[in-house]
Amino acid sequence: MSDDVQAERIEQLIGALRDDNDALRDHAIASLSQVGEDAVGPLIGLMADEDVLIREAATSAIVRIGPSVVDRLIEALEDDEWAIREQAASGLGKLRDSRGVDPLVNALKDKDGAVRTAAVWALERIGDARAVPGLVEALTDNTVREDVARVLKKIGDTRAVDALIDGLMGNNWMVRRHAAEALGKIGDARGVGPLIESLKDEDWLVRRNAAEALARLGAKQAIDPLLPLLEDENTMVQETVEGVLASLGWHAKS
């Protein structure tokens with residue numbers, strides 16, 4: 001196929017991505033992915049389209065080409081258009097290629113919140129512990145800190161302990177929930193004291209997560225602070241604490 005014919009075919013397929021017919025768009029995505037490298041440039045340009053469905057369709061087509069597009073997506077993380085940067089981060093996450101870790105960590109400092117959010121999501125998909133220092137730093141970012149706490153919980157790395165303790169003591173209830181659960185998963189004894197303190201948290205799920213985390217840590221020193229929660233206002237907390245106390249070797253006096 002000549003270059004001119006190939007370029008015309010790519011142009012037609014990209015035009016089909018704008019069609020209202022779902023089946024036609026899906027066919028265009030599949031066909032563009034088969035075209036391969038020649039389609040990447042035009043598709044990256046399409047990731048700046050004002051229609052989010054078209055942006056996502058372009059990203060899907062690029063991702064289906066495979067790992068050979070990783071370097072192009074990494075370059076796109078530096079594009080002037082925020083939408084291209086956002087879709088590039090999303091694409092790297094879908095490919096789950098470790099080459100994307102460092103560039104995505106850099107994208108956690110992007111000036112656009114949507115790009116930072118996409119970078120966190122992508123790093124979660126890749127699940128590489130090399131991202132932990134950058135994610136810890138991003139816990140101070142009001143836009144993404146809830147998502148970051150969730151990702152740190154999933155990765156489970158001791159380097160995150162101090163930052164998670166700070167999050168557990170902070171004013172964002174969603175971060176506190178994830179931080180309590182993460183500290184239990186990581187299993188570092190530094191979390192015991194803060195988790196005991198969190199048994200008094202105003203949010204019931206923080207209290208429950210803290211109790212479960214203390215059970216995972218085998219923290220027998222938490223038995224006495226846990227006892228008042230047997231009469232917690234939330235029945236789920238009560239039930240959780242009953243199981244936690246039993247796991248720590250406590251038995252109610254008859």
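The values are calculated or read from the model by the stated rules, or taken from the named source; none is laboratory data. Bear in mind the structure is a predicted one, so any value in this text is a computation, not a measurement. A quick note on method: Cβ atoms are made from the backbone with ideal geometry, for glycine too, and the neighbour counts reach across all protein chains shown. Each accessible area value is taken on the protein alone, full model and side chains, heavy atoms only, with ligands, DNA and RNA left out. Shrake-Rupley method; radii C 1.70, N 1.55, O 1.52, S 1.80 Å.
Details
- Filter result for residue 131 (closer than 18 Å to residue 89 by Cα, within 14 Å of the chain's Cα centre (by Cα) and either of a type in the set (A, V, I, L, M, F, W, C) or in a loop (DSSP other than H, G, I, E, B) (or both)): yes
- So residue 210, is it within 30 Å of residue 121 (Cα to Cα), open to solvent by 30 Å² or more (accessible area, probe 1.4 Å) and at pLDDT 90 or above: no
- Residue in the range 169-191 that is least open to solvent (accessible area, probe 1.4 Å), counting only those that are basic (Lys, Arg) and more than 11 Å from residue 206 (Cα to Cα): 185
- Scanning the range 27-80 for residues that are surrounded by fewer than 17 Cβ atoms within 10 Å (Cβ to Cβ) and assigned to a loop (DSSP other than H, G, I, E, B) yields 50, 51, 66, 78, 80.
- Test: residue in the range 48-63 that is basic (Lys, Arg) and either over 29 Å from residue 141 (Cβ atoms) or free of Cβ contacts under 8 Å to residues at least 24 places away in the same chain (or both): no
- Cross-chain or 6+ apart pairs with Cβ under 8 Å, the range 17-32 first and within 20 Å of residue 45 (Cα to Cα), then polar (S, T, N, Q): 29/60
- The set of residues in the range 197-235 being touching a Phe, Trp or Tyr at 6+ places or on another chain (Cβ under 7 Å) and more than 18 Å from residue 165 (Cβ to Cβ) consists of 223, 234.
- Which numbered condition residue 143 misses (of (1) open to solvent by less than 30 Å² (accessible area, probe 1.4 Å); (2) modelled with pLDDT of 90 or more): (1)
- Which listed residue is within 28 Å of residue 54 (Cβ to Cβ), of a type in the set (D, E, K, R), open to solvent by 40 Å² or more (accessible area, probe 1.4 Å) and outside any helix (DSSP H, G or I), from 94, 109: 109
- Scanning the range 221-248 for residues that are of a type outside the set (A, V, I, L, M, F, W, C) and within 15 Å of residue 191 (Cβ to Cβ) yields 221, 225.
- Counting the residues of the range 160-198 that are of a type in the set (Gly, Ala, Ser), within 19 Å of residue 137 (Cα to Cα) and in a loop (DSSP other than H, G, I, E, B) gives 1.
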